[in-house]
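This report concerns only the one structure given below.
Computed from the coordinates by the stated procedures, all read-outs in this text should not be read as laboratory data. As the structure is a computational prediction, the values presented were derived from the model and not from experiment. Neighbour counts are summed over all protein chains in view; Cβ atoms, including those assigned to glycine, are modelled from backbone coordinates with ideal geometry.
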Amino acid sequence: MDPPFNKVLVANRGEIAVRVIRAAHEMGMDVVAVYSDADKESLHVALADEAVRIGPPPPSESYLSMDAVVEAALSTGAEAVHPGYGFLAENPAFARALEDVGLIFVGPPASVQRRVGRKLDARRFFSAAGVPVVPGTLEPVSLSEAEEVAEEIGYPVVVKPAGGGGGIGMSIAWSPEDIKAAFERASAIAKSAFGDPEVYMERYFPKARHIEVQVVADSHGNVIHLFERECSVQRRFQKVVEESPSPALDEDLREEVTGYAVKAAKAVGYVNAGTFEFLFDPGSERFYLLEVNSRIQVEHPVTEMITGVDLVKLQFLVAAGEKLPLSQGEVERRGHAFEARIYAEDPLAGFAPSPGVIRRLREPSGPWVRVDSGVYEGYEVPQYYDPLLMKIIVWGRDREEARLRMLRALEETVVEGVRNNVAFHQLVFEDEAFAKGDLTTRFVEERRVVERLRSFRARRRPLPWRSQREVAKEAPKEVVDAWRLASRIGV
């Protein structure tokens, strides 16, 4: 089968750039990497066929520079650009800029991105299309209106940036006394992170679960779902553990939420891979659409593990104008999968990033363990970007087998030189409530995971280890054995 493109550019860095490069190579495509000065020695640069410097370390001068990325693609003869996640992945102006110069954007077209990218616009659109959204406002809210609106919605409420995503800037108000501080914090972060200070308000469900549905659509009107993922274990509204299938859903509820996702995708004319995120209220067994992530997700390997479908390869095929190679009836789910995001961060210091040099690294392996990584021993984790080091993904015949496999994988994992959250994950996967599948979006707070971490001694498999420097120092001088040499060359 001919590759969908001859050469593609990956407009990202870290583990997702490595992931995309590997898929492209398996499909027979050449790959161009882009890098900032901070990433010159990065793994994604080493794996690509070509690499182009696009600027200094700050993202605004490199990975967020549309002109630099477009020029890199044109100058190297790339035919398509895969944005990964983050940076320019959900920027309709970037998709349009590529379209204007004849390059293919491996993602939804600019028109779709505009419709789903701004949360308030998406809420209005999908509400009108008959897809339930979280109770709240459909227009921006001012500080003078906030308290009255909160009373109408009912406490607790969450104040959200109108133009943002990924949980950034969200603030909870539990009572009228909290409104002003929550509003001002959300608005300030919204302006800083997204250039848009407008915020809106939603009802906050403390006992809710976060359920999302993976969809893929082609340009011929075909839309399929690849089941759901549960992402309720979060810190600061950002996911750290994902799994599929959700332990909270039976087949009727699963059919309901996947049906909503497909309906929403068709309504908006979605093309390529995307995720429709829902809030699930266990008490009422109701789903509410939260947002649409118009890109590949960090947690996409969970879906790949239970379905056997390579989502990145599907992205390339759809971007090339091909029909989906499988129908809904051909998508099968088998077993259970978990993903643990390993960050260079300090959970005991508010999950603050921990840049620095990785002095020692051992990644887990073994049956049904997958590691998507963008680092190596001796690599310097830069201070400028998200500190995600790797993702550990495991599969099991059922949830308990997968959970125990993850614990084994975490015990094998060694990351030294930078603070990290491996022990945090061990506490999560050992937790009694987690083992039972009793989860909410406040799991980390309610189970006091961080507090317990202060007295937790992480377990580590005592495998042998010697540094490369020690090996080189102790290595004997080479001696040629004439007898063995003769046996090799047949003398």
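Given contacts defined as C-alpha pairs under 8 Å and at least six residues apart, what's the relative contact order of the chain, whole-number percent?
13 percent.
Let me spell out the model: positive unit charges on the Cβ of Lys and Arg, negative unit charges on the Cβ of Asp and Glu, origin at the Cα centre of segment 128-203. What dipole size does that give, in debye rounded to 20?
Dipole magnitude for segment 128-203 comes out near 340 debye.
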- Query: Direction-averaged shadow area of the convex hull around the Cα atoms of segment 354-420, nm²?
  - Reply: 4.5 nm²
- Message: Could you work out how much longer the chain between N222 and S75 gets when fully extended? Use 0.36 nm per residue separation minus the Cα distance between them, nm to one decimal.
- Response: 49.5 nm
- Message: Charges at C-beta only: +1 for Lys and Arg, -1 for Asp and Glu. How large is the resulting dipole of the chain about its Cα centre, in Debye rounded to 20?
- Response: 1340 debye
- Cα-based helix-to-principal-axis angle, 66-76 vs the chain, degrees rounded to 10: 40 degrees
- For segment 128-203, whose charge dipole is built from +1 on Lys and Arg Cβ atoms and -1 on Asp and Glu Cβ atoms, the candidate among S192, V131, A181 with its Cα farthest towards the positive end is S192
- Within the under-15-Å Cβ sphere about A188, not counting A188, Lys/Arg +1 and Asp/Glu -1 give a net charge of +1
- Note on the structure: Excluding residues fewer than 8 positions from K119 in its own chain, the aspartates and glutamates with Cα under 15 Å of it are E90, E139, D196, E198, E202, E277, E291
- Message: Given N residues in segment 196-322, what is its alpha carbon radius of gyration divided by 2.2 N^0.38 Å?
- Response: 1.06
- Query: Of S62, A33, A17, whose Cα points farthest to the positive end of the dipole of segment 7-106 (charges on the beta-carbon: +1 Lys, Arg; -1 Asp, Glu; origin at the Cα centre)?
  - Reply: A17
- F278's amide H: which non-local residues (gap 5+, or another chain) put their own amide H closer than 5 Å, with H modeled 1.01 Å from N in plane and none for Pro or chain starts? I211, E212, V213, L290
- Query: Could you work out the helix-only [θ] at 222 nm for the chain, with each DSSP H run of four or more residues adding -39,500 (n - 2.57) and the total divided by the number of residues, to the nearest 500 deg cm²/dmol?
  - Reply: -10000 deg cm²/dmol
- Answer label for mean projected area of the Cα convex hull in nm² (calculated), chosen among [x] 22.2; [y] 23.8; [z] 27.0: [z]
- From the residues A146, P245, P156, which one has its Cα farthest along the dipole of segment 145-254 in the positive direction, the dipole being from +1 and -1 charges on Cβ of Lys/Arg and Asp/Glu about the Cα centre? P245
- Taking the alpha-carbon centre of each part, the distance from segment 341-373 to segment 168-184 in Å is 32 Å
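Quick one: putting +1 on the C-beta of Lys and Arg, -1 on the C-beta of Asp and Glu, what dipole do you get for segment 1-41 around its Cα centre, in Debye to the nearest 20?
With Lys and Arg at +1 and Asp and Glu at -1, about 60 debye.
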- Message: Once you order the gyration tensor axes a ≥ b ≥ c over the Cα atoms, which shape class does segment 315-454 get: rounded for a/c under 1.5, otherwise prolate or oblate by comparing a/b with b/c?
- Response: oblate
- Across the Cα atoms of segment 128-203, what radius of gyration and what greatest pairwise Cα-Cα distance (Dmax) are found, in Å? 11.7, 36
